[in-house]
Amino acid sequence: HIHTTSKMADNTKCTVFHVVALVMLLSLVQQVKGFSPLSSTLRHLQPIRIPLHGSANGDADANLPAEENREATRHESIQERAGRLWDEDDELTTHLEHFGEKPARKRVLVLCTGGTLTMSNDPALGGSLAPVQGALSEYLKNMREFTEDPEMPEIISHEYTPLMDSSDMGPGDWALVAEDIAENYYHFDGFVVLMGTDTMAYAASALSFMFQNLGKPVVFTGSQIPLREPYNDARKNLVMAVIFASSDTVSEVTIFFHDRLIRACRATKINTSKLLAFDSPNLEPLAEIGINIEERDHLYLPPPRGAFRVRTEMDTRLITLRLVPGFDDSCIIHMINAARDTNLKGLILQLYGTGNMPSLKDDLVHALSDATAAGVCVVVTTQCHTGSVIMGHYATGQALIKAGAVSAGDMTLEATTAKLAYLLGRQDLTIDEIRNLMGVDLRGELTPKEQMPPPPLASSYEKAIFKKNRCRIF
């Protein structure tokens, strides 16, 4: 509170002092709250964008000291930013007209980056499939599910230009989508992102980590068959994605495909020819559709407890190695050493079973030990589709622990790469803190150790403790 007093000798100086104090107070509130207190409606609210060296109070991975002399890799997108879309209507943005009688409906923003869903045969490319600009807008206008059903939300769609195949998309494109969602966050109830399936799990995992304290559904979807075909999976995927994007119970980044809604940072693509293209290996689907929608409410992430924030910096100076029996370790050693010369920051190893590698490869173990000593974060994942890394359970894994490697738990490769790039890109974490956070559940991407099933050949005591912990949780 600012109190005035009549005892001040100079009334003019008093007035100037209070005006300056009021401006400073409003500026402080704006920085703390993330919005101007002069605004009377939520339409003027904007999410907090964390600067490169900022803090993130309220998040589990915040408030950690900075490490000096580290620069994040910058990624640029060739697509154009969408910007504010809640009151726009141009050749790239379509506001669907609704002929129903229900006046108050939710609002969902559909962002289209390209992918099979929008593709058609292009004669200029020899008949190969390519995204068609403007096709989605025309299809949406003719979908009665969106224009006549009074229970469906109000839809505004935007097509990025140029539309891209998901194989051409990377961190810069993911950051662009995240920034556009952030700019429109307080004007829509949910968001749908349409893209190709090849790298969808990577993109969706990346956005899971970019968003802190997300309180609304962000649903990724696409199709195996273009929407223009008489028989396709695109129509159902699009309709169901919009339905889940208007949900009151979902407050996380997800993927809807075929008949299931799965957590984005638990997803992986498993099939190139069948309509069930995605799976969640170590976590049940959040929801499945049949005649009814069966939701597993206990799996949904809880509502956020802080202000929505977005961090889009990702440091992708990392490589992934998948070992095969009989590999030439000298080639791998030379590759690791060469990568270190180019400022390698992360090394992800896909190993056998629960995270094992040949213990007789002493030279490779020494190379990994040298890499961790030089500031490289070495992360161990499993080549198995399901299950978890259990480092040290077998003697062959002990050498990795001594070399300074850390476990990825039961994270997918997509989640592991996205999480490591996100943590490296934050630039307010030391390498030791990044190693520790790789084993901490930030967005529901891994199962905490106390909830993990007992390892093979576990004792009866260990099995009993596991059952006890599961009873506490469920």
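Assorted remarks:
- All positions within the stretch 313-345 that are among the polar types (S, T, N, Q), part of a loop (DSSP other than H, G, I, E, B) and either closer than 15 Å to ALA405 by Cα or modelled with pLDDT under 85 (or both): THR342
- Scope the stretch 357-373; condition polar (S, T, N, Q), within 12 Å of ALA399 (Cα to Cα) and modelled with pLDDT of 90 or more; matching residues: SER369
- Scanning the stretch 142-176 for residues that are open to solvent by 30 Å² or more (accessible area, probe 1.4 Å) and closer than 15 Å to LEU109 by Cα yields a single hit, GLU154.
- Members of the stretch 366-376 found to be open to solvent by 20 Å² or more (accessible area, probe 1.4 Å) and farther than 12 Å from ILE431 by Cβ, listed by number: HIS366, SER369, ASP370
- Looking only at the stretch 237-259, and only at residues there that are within 23 Å of THR447 (Cβ to Cβ) and among the polar types (S, T, N, Q), the one that is farthest from the chain's Cα centre (by Cα): THR249
- Residue match in the stretch 225-233 (condition: closer than 20 Å to THR412 by Cα, surrounded by fewer than 22 Cβ atoms within 10 Å (Cβ to Cβ) and in contact (Cβ under 8 Å) with a residue 60 or more places away in the chain): no
- Total residues in the stretch 192-222 satisfying the condition of being among the hydroxyl-bearing types (Ser, Thr, Tyr) and under 14 Å from ALA234 (Cβ atoms): the figure is 2.
- Looking at ARG317, ARG322, ARG340, just one residue is within 24 Å of MET452 (Cβ to Cβ) and touching a residue at least 12 places away in the same chain (Cβ under 8 Å), and that residue is ARG322.
- Within this structure, ILE78 passes the test of being at pLDDT below 90 and surrounded by fewer than 16 Cβ atoms within 10 Å (Cβ to Cβ).
- Qualifying residue in the stretch 260-274 (condition: under 25 Å from GLY444 (Cβ atoms), polar (S, T, N, Q), in contact with an Asp or Glu (Cβ under 8 Å, 6 or more places away or on another chain) and in contact (Cβ under 8 Å) with a residue 24 or more places away in the chain): yes
- Of everything in the stretch 422-432 that is farther than 21 Å from ASN282 by Cβ and among the hydrophobic types (A, V, I, L, M, F, W, C), the residue that is surrounded by the most Cβ atoms within 10 Å (Cβ to Cβ) is LEU424.
- Evaluation of VAL379 against the conditions (1) modelled with pLDDT of 95 or more; (2) assigned to a loop (DSSP other than H, G, I, E, B); (3) crowded, with 17+ Cβ neighbours inside 10 Å shows that the sole unmet condition is (2).
- Scan of the stretch 104-136 for residues that are among the hydroxyl-bearing types (Ser, Thr, Tyr) and buried (at least 18 other Cβ atoms within 10 Å of the Cβ), ordered by number: THR113, THR116, THR118
- Set THR320, THR249: member being of a type in the set (S, T, N, Q), touching a Ser or Thr at 6+ places or on another chain (Cβ under 8 Å) and either under 30 Å from ILE332 (Cα atoms) or surrounded by fewer than 23 Cβ atoms within 10 Å (Cβ to Cβ) (or both): THR320
- Residue that is farthest from THR254 (Cα to Cα), among those in the stretch 400-409 that are open to solvent by 10 Å² or more (accessible area, probe 1.4 Å) and not hydroxyl-bearing (Ser, Thr, Tyr): LYS402
- Enumeration of residues in the stretch 346-355 that are open to solvent by less than 30 Å² (accessible area, probe 1.4 Å) and either assigned to a strand (DSSP E or B) or over 16 Å from HIS393 (Cβ atoms) (or both): GLY346, LEU347, ILE348, LEU349, GLN350, LEU351
- Residues in the stretch 199-224 that are hydroxyl-bearing (Ser, Thr, Tyr) and crowded, with 24+ Cβ neighbours inside 10 Å were compared, and the one that is nearest to ALA135 (Cα to Cα) is SER223.
- For the condition in contact with a His (Cβ under 9 Å, 6 or more places away or on another chain), surrounded by 16 or more Cβ atoms within 10 Å (Cβ to Cβ) and touching a residue at least 24 places away in the same chain (Cβ under 8 Å), GLY397 does not qualify.
The values are calculated or read from the model by the stated rules, or taken from the named source; none is laboratory data. Since we're looking at a predicted model, the values are computed, not measured. All Cβ positions, even for glycine, are placed from backbone atoms using ideal geometry, and neighbour counts span all protein chains on display. Side chains included, ligands, DNA and RNA excluded: accessible areas come from the protein's heavy atoms. Shrake-Rupley method; radii C 1.70, N 1.55, O 1.52, S 1.80 Å.
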